[in-house]
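Just below is one structure, and these are the notes that go with it.
The values are calculated or read from the model by the stated rules, or taken from the named source; none is laboratory data. In this text, all values refer to a predicted model and were calculated from it rather than measured experimentally. Glycine gets a Cβ as well: all are built from the backbone with ideal geometry, and neighbour counts include every protein chain shown. Surface areas here come from the heavy atoms of the whole protein model, side chains and all, with no ligands, DNA or RNA. Shrake-Rupley method; radii C 1.70, N 1.55, O 1.52, S 1.80 Å.
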There are 2 protein chains.
Amino acid sequence: MQLLERAKELEAEGRKIIHMEIGEPDFSTPTSIIDAAKMALDSGDLFYTPSTGNPALQQALSNWYKDEYNVDVSPERILITPGTSGAFSLIYAALLEAGESILLPDPGYPCQRNFIRLAGAEPINIPVGPDTRYHLSAELVKQHWKTGTRAAVVINPSNPTGTLIDADELQHIAQTCRKSGGYLISDEIYHGLTYGIKARCALEFDEHAIVVNGFSKRWAMTGWRVGWIIVPEELIDACRRVMQNIFIAAPTLSQYAAIAALKEQETCEAMRTAYDERRQYLLAELAKLGFDIVVQPQGAFYIYANVENITDDSKVFCWDILEKTGVAITPGEDFGQFQSDRHVRFSYATSLENIREGIQRLKNTVGDCR
Amino acid sequence: MQLLERAKELEAEGRKIIHMEIGEPDFSTPTSIIDAAKMALDSGDLFYTPSTGNPALQQALSNWYKDEYNVDVSPERILITPGTSGAFSLIYAALLEAGESILLPDPGYPCQRNFIRLAGAEPINIPVGPDTRYHLSAELVKQHWKTGTRAAVVINPSNPTGTLIDADELQHIAQTCRKSGGYLISDEIYHGLTYGIKARCALEFDEHAIVVNGFSKRWAMTGWRVGWIIVPEELIDACRRVMQNIFIAAPTLSQYAAIAALKEQETCEAMRTAYDERRQYLLAELAKLGFDIVVQPQGAFYIYANVENITDDSKVFCWDILEKTGVAITPGEDFGQFQSDRHVRFSYATSLENIREGIQRLKNTVGDCR
Ligand SMILES: Cc1ncc(COP(=O)(O)O)c(C=O)c1O
Ligand SMILES: Cc1ncc(COP(=O)(O)O)c(C=O)c1O
């Protein structure tokens, strides 16, 4: 993230930076959602919602799960949170005692580890590579599960790798977690942003799975801070208590807007198509430049590339190309420790035009950085 | 809070409930703020803000501190949070190691204790009574401070008592905290809602004080989830790291609206005047009914009454009057343990008309509940 700061500094100095380091849609929130928010503003009801969320949004999400995945989830099990981030604070606070642990993929979304540490518990980072599509496997979960482990986390599609987990494997992980007396936690925030394949919801395989998701990515609603978590019955009370105490509730207006978001299809599909176009372009061009993309990413807006052929230190490399070319990408170390010096993440949450320019700039320079 | 649920149940059954248990303004957000939100919606910029907040809001707050309290606070020290609740999660996560402790007034705002426990630390509840206007005193802070104590919290005006702390005492507490090597944390969320007296900001006395505040109460913006915390230089980095990880950022639209809120005066003053009118009416009427209000509340929208003359169990009393009269008030136990069975909290965040009806109903029944 220091790199992001340096990129902004360079920008302030007047340089045009190509931002391929950012994990946020470049699209504005769809108009239908904005319009719904304006209507809600006129209603005058901007009071706290119940801590578990606006019941109408819980119900809308319950219906949405039926339509989207054909799973039955009662509205009471769907808790509305201030972003998916809020969902993580919540579940780890509700689930963990000091000294307990959670299994995480390395590389993975880095904030996870910190939530777990904040709860006084231990994040167990499990190295994952191309053989498991950069995901945990049932085998890995079995190997690393120990006394006091409460859950294993799958980020599907993955940040930083954009890869999807095999449906069979997801099912096996769920079973393994259940047998071990713990939970599968499935981070599904990039669902809906997949290309040529549909991501599977963990609840299709295990009704006790904990699912977190949110409106930030698929619906381009990052700044609205609204997400949700689905928990099994036995955790509802503990979660509700934590929510009352740590958030009071998610933002009211954003919850109204979220109800409209669930009806939005056209603009979401247009965004998805645009991402896919960028993905295909970038995959082809990066390969030509010597970046090794071992597993084809089919989701999110990330490409995780092995840079062994180009550099022996991905961090130095990222800083180097930022200074030399004004192209910002993220070094592997931001996502974990396992082979992080050999990997970088490209985000294609920026226009195809920018991406083309980025590739052009890299073409002239990657050689020098080797 | 079970009582609130029961009140809603009775309402669902068709009974008219007089809500004097709720800690939330009954007023809608002022129109000027709504309008600013609409303009922001049109701008299309609803992306994540920096984790420390929209710099324009930080600057606006910095100016506001100069105007409101004549204190200089650099914008970098003002971190924007998802509600004051977010400010508490943040500061306790940033400040506390397992086993450390925080001094709190009992009675006090109950969520505090849970934030502290979540951080693996110990809330030390200090009984406070009329002799210190239901606030900590420098003497009490000295008495209870121990190895590992990191801060003492003042809620000024207090929830549940509505009382203000003496300026001299606030200054002494600040000095005591400094001398003990820790911080004064001042919860100033009810500033601006005071009657006949202005609440003093802890920064007027101690530039190292940690101040938390938010837009929920004075500006009637509960559902917007936006607040702030002012920390001394040395804590900025630790706080920023925690924020990035646990919230990403406060809601973007609410931050734009908050900038407009800081310019709003007329409607805020009208709300304040309405609260004051209710307060005066309620104080007079409660006294006639035998409620003993030992220290005159001059702030917030709460009256904390001793009910010894009426009942020997405030909880039973509250449930009783709810069932018999449909008037909902909060038993002392929701705010701590010290003499909680002898106290109740009335909130006057409901219309004068409702309050009059509530009093009328109580008149006919309080005798029976004795
Ligand atoms: C895998 C993953 N989970 C969760 C989040 C949190 O997003 P939000 O809090 O905006 O819902 C992100 C954001 O980048 C992410 O990449
Ligand atoms: C004393 C006090 N502090 C903080 C809060 C939290 O308010 P918010 O999170 O809406 O800013 C409340 C709410 O009732 C309160 O009474």
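Some observations on this one:
- Apportionment of accessible area to carbon and sulfur, chain A, percent (1.4 Å): 46
- For region B:27-39, putting each phi into the Karplus relation 6.51 cos²θ - 1.76 cosθ + 1.60 with θ = phi - 60° gives couplings of 7, 6, 4, x, 4, 4, 6, 4, 4, 5, 5, 4, 4 Hz, in residue order, rounded to whole numbers and with x for Gly and Pro.
- Scanning residues 5 or more positions from B:Ile18 or on other chains, those with amide H under 5 Å from its amide H are B:Val327, B:Ala328, with H placed 1.01 Å from N in the peptide plane.
- Averaged over peptide B:148-159, the number of partner chain Cβ atoms lying within 10 Å of each residue's Cβ comes to 0.
- The ellipsoid that matches the Cα gyration tensor of region A:32-109 has semi-axes, each √(5λ) in whole angstrom, of 29, 17, 14, with the longest given first.
- Contact residues in region B:200-242 (at least 50 Å² less accessible area with all protein chains than alone, 1.4 Å probe): B:Gly223, B:Arg225.
- Region A:267-365: GluC sites (Glu not before Pro) in DSSP loop, at most 15 other beta carbons within 10 Å: A:Glu308
- For region B:31-261, the number of Lys pairs with C-alpha atoms closer than 21 Å, counting only pairs eight or more positions apart or on separate chains, is 5.
- Rounded Å value of the spacing that divides the Cα centres of region A:304-370 and region B:255-300: 57
- Averaged over the residues of peptide A:113-119, the number of Cβ atoms from other protein chains lying within 10 Å of each residue's Cβ is 4.
- The loop-placed trypsin sites (Lys or Arg not before Pro) in region B:182-223, going by DSSP, that have at most 15 neighbouring Cβ atoms within 10 Å of their Cβ come out as B:Lys198.
- Taking every residue in A:88-94 and counting other chain Cβ atoms within 10 Å of its Cβ, the average works out to 2.
- Computed from protein heavy atoms with a 1.4 Å probe, the total accessible area buried between A and B is close to 3400 Å².
- Label geometry 7 Å along the beta-carbon vector: B:Arg241 inter-copy distances in nm: 3.1
- Under Karplus coefficients 6.51, -1.76 and 1.60, residue-wise ³J(HN,Hα) of region B:201-206 in Hz, glycine/proline x: 7, 4, 5, 5, 10, 8
- Between this copy and the others, label points of A:Gly14 are 7.6 nm apart in ascending order, each placed 7 angstrom from Cα in the Cβ direction.
- GNM top mover of A:Gln360, A:Gln171, A:Gln58 - chain A, alpha-carbon springs below 10 Å: A:Gln360
- Other copies of B:Ser43: label-to-label distances in nm, shortest first, labels 7 Å along the beta-carbon direction: 2.5
- Charged-residue dipole, Cβ positions (Lys, Arg, Asp, Glu), the protein assembly as shown about Cα centre, Debye nearest 20: 60
- Normalised per residue, the volume of the convex hull around the Cα set of the protein assembly as shown (Å³): 155
- Bins of 20 Å from zero: percent of alpha-carbon pairs in chain B: 29, 57, 13
- Between A:Gly53 and A:Ile80, the built amide H atoms are under 5 Å apart, and every one of these is 5 or more places off in sequence or on another chain.
- For the protein assembly as shown, calculated [θ]222 nm from helices alone, where every DSSP H run of n ≥ 4 adds -39500 (n - 2.57): -13500 deg cm²/dmol
- Sparsely packed loop sites in region A:107-163 (the trypsin sites (Lys or Arg not before Pro) outside DSSP H, G, I, E and B with at most 16 other Cβ atoms within 10 Å) comprise A:Lys146.
- Per residue, in Å², the accessible surface of chain B once ligands and nucleic acids are set aside, probe 1.4 Å: 36
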